[in-house]
Amino acid sequence: MSLVPYLIPVLYNVLVDYEPAQRLASESRLSSHLITLLQSPNRAAFSPLVTYFCKILALLITQDGEVAVADSETASVLLKLAVSPDHNTDIEDFLALVSTAASYLANESFQEQLLNSKEADVFVKAFYIAHTQFDSELDDEDTAKELGQLCTSLLTTLADLTGNDAFPAHYSLESSVPQSLLKWLKEPHVILQSAACLALGNLSRSDQASTAFVQKYQAHLSLIAILSDPEIKDAQLLHSALSFLKNLAIPAQNKTVLGDLLKPVSVPRILTIDTLPQVQFSAVSLVRLLLVNCPDNVRRVISPITAEVEGSGKHTTVHDMISLFDRSDTEPTRLEAARSVATVCRVLHTAPTEEVLSGWSSEIEKTPSRDLFYAEHDLSQVLSFLITQEKWPILKSEAWFVFALMSRSKDGAQVIAKVLPISGAMDALSYAVTGKTANDETPLIESGAPEIPPAIPEELALEPQQVDPKQKANMAKVDRENCLVLCTEVVKNGETLESEQVGRLRSLIRQGTELLGERAEE
């Protein structure tokens, strides 16, 4: 044992430039012997040599068979030394120990061992020290670069550990690691906050966990504070916070509690930051999730933000969604903005309007409040995008369902009537009803023909119906029926329709009804 301090540097010099020696050393389980020494009662005698131990281990882990023969506790032993008082203030020792541990933890078997032995705490502690303890000491450029590379590696490992399916079995939300991560959300440290959002996002992949994070631990309060701070412009932090919140916004019982995210100073503010397109996408995706089946949140985004000069328009978050759609050249962002607007329309035509449209009531105006809302918002372009895009058929089907709902009221039918003249919209409608585009259609029924549109036979009993994504084979039938409802109701309620539009819609009603009748007979 007394010779070890002399042998370790010699051993390193033998291995460093000779790959066959490294392979032989790995096969001889040298790493296990080194870890045994680092765990021995005499390890204090080896402390001055800890960087040499780590250099040798760093060479061994590059060998193909090392993972299979190494001591399963290698990573945890190195991490425990790194966070111990003997090494956690020495930048060289700390970097060597944690970097080597991270090299072993890049392999799934060592990650699982760390979780199974419930020693993820020591990794979290090392992560914290790496990000908080040495910033002011880094005068050396090479050391600063090495620490930066280590921090990047540790973030990947943190994501792997918290994303591992075994993690929840070993660490409940009440346990030390999740609780440490929740504390990081409140730290005035951008990287720690980003890391916490990433890791907690991995832990919130079930409704049960997402509900607990909001209802019990109130994680959303820290996230709202981050998103509402105009001084925070770090793209990684904003993106990771929004991604975590997207998981939290899925359970129905969380949506109303998260409603403050829809205040103008929070997520809607981010919709206007064009320098961060990826962040904008996450923001508008979160808005949509908060709106789905939540009239209270829809009320928030359609309520006028400020009382402006009398006679001027009333600004709403829906205006911000439409504006983002118009400005963005990123298709996924445009799609999410359009889906968000369609979600608003769906709620407006299914929930009690007096609850949702309280911000649009007027004692002077006798116009129904939904009319007032539609009069202030041009939805034609943004809604038409959903039916003219070809990449996502299920989203087109969702749009037809919403349009059919809207068309059953006069104000909604007027909105749909303005969508149909948009380029490609009529072709999409024609294809959904007949399987052909408008250019392939049979001649129009003249608008001077009957005043009453052709009726859909009562036995078909058509009502707007939502398509089931699991039944793709049935999508075309549901689309046709929803579009027939749309055509019939728009002709009946669309008072501003031009005669050519009326003719086209009547022709589609006739053809679609015939096709439905044929299918019913088959």
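Laboratory data are not the source of any read-out in this text; all were calculated from the coordinates shown. Please read all numbers here as calculations on a predicted model, not as lab measurements. Because the Cβ atoms are built from the backbone with ideal geometry, glycine has one as well, and the counts that use them run over all protein chains shown.
Counting only C-alpha contacts under 8 Å and six or more residues apart, can you give the relative contact order of the range 168-240 as a whole percent?
On the way: 49 pairs, mean separation 21.9, N = 73.
Answer for the range 168-240 is 30 percent.
Can you compute the FRET efficiency between residue 144 and residue 378 using 1/(1 + (r/R0)^6), with r the Cβ-Cβ distance and R0 = 51 Å? Round to the nearest 0.05.
Numbers: r = 53 Å, r/R0 = 1.03.
It comes out at approximately 0.45.
For helix 74-83, report the angle its Cα long axis makes with the longest principal axis of the Cα atoms of the chain; keep it between 0 and 90° and round to the nearest 10°.
Tilt relative to the chain: about 80 degrees.
Just add up the charged neighbours of residue 485: K/R +1, D/E -1, any other residue whose Cβ is under 9 Å from the Cβ of residue 485.
After counting each charged neighbour, the total is -2.
With only alpha-carbon atoms counted, please give the Rg and Dmax of the range 263-377, in Å.
Both quantities, over Cα of the range 263-377: 14.1, 44 Å.
How far apart, in nm, are two points set 7 Å out from the Cα along the Cα-to-Cβ line at residue 215 and at residue 4?
The two pseudo-label positions are separated by 5.3 nm.
Among the listed pairs 118/216; 436/477; 233/314; 55/118, which are separated by more than 18 Å between their Cα atoms?
Working: 118/216 24 Å; 436/477 14 Å; 233/314 28 Å; 55/118 27 Å.
Exceeds cut-off: 118/216; 233/314; 55/118.
Could you tell me which of rounded, prolate or oblate describes the chain, using a ≥ b ≥ c as the square roots of the eigenvalues of the alpha-carbon gyration tensor, with rounded for a/c under 1.5 and, failing that, prolate when a/b is larger than b/c and oblate otherwise? Can you show the working numbers first?
Numbers: a/c = 3.45, a/b = 2.41, b/c = 1.43.
Taking the square roots of the gyration eigenvalues as a ≥ b ≥ c, the chain is prolate.
Compute the long axis of helix 4-15 from its Cα atoms, compare it with the longest principal axis of the Cα atoms of the chain, and write down the angle in degrees, 0 to 90, nearest 10.
The angle comes out near 60 degrees.
Counting other C-beta atoms within 10 Å, which of 226, 416, 273 has the fewest, and how do the rest follow?
Working: 226 23, 416 26, 273 14.
Least to most surrounded, the residues fall as 273, 226, 416.
Based on the alpha-carbon gyration tensor of the range 1-121 and its eigenvalue square roots a ≥ b ≥ c, which shape applies: rounded if a/c is under 1.5, prolate if not and a/b is larger than b/c, or oblate?
Values: a/c = 1.65, a/b = 1.07, b/c = 1.54.
Oblate shape, in that a/c is at least 1.5 and b/c is the bigger or equal ratio.
Kindly provide the helix-only [θ] at 222 nm of the chain, computed as the sum of -39,500 (n - 2.57) over DSSP H runs of four or more divided by all residues, to the nearest 500 deg cm²/dmol? Each step should come with its number before you reach the end.
Numbers: 30 runs with 333 residues, N = 522.
Result for the chain: -19500 deg cm²/dmol, rounded to the nearest 500.
Rounded, prolate or oblate: which fits the range 155-261, taking a ≥ b ≥ c as square roots of the Cα gyration tensor eigenvalues, rounded meaning a/c under 1.5, else prolate when a/b beats b/c? The partial results should precede the final answer.
Working: a/c = 1.74, a/b = 1.13, b/c = 1.54.
Oblate is the answer for the range 155-261, as a/c is 1.5 or above yet b/c matches or exceeds a/b.
Just need the relative contact order of the chain here, percent rounded to a whole number, with Cα pairs under 8 Å and 6+ apart. Walk me through the intermediate numbers first.
Details: 661 pairs, mean separation 37.7, N = 522.
Relative contact order here is 7 percent.
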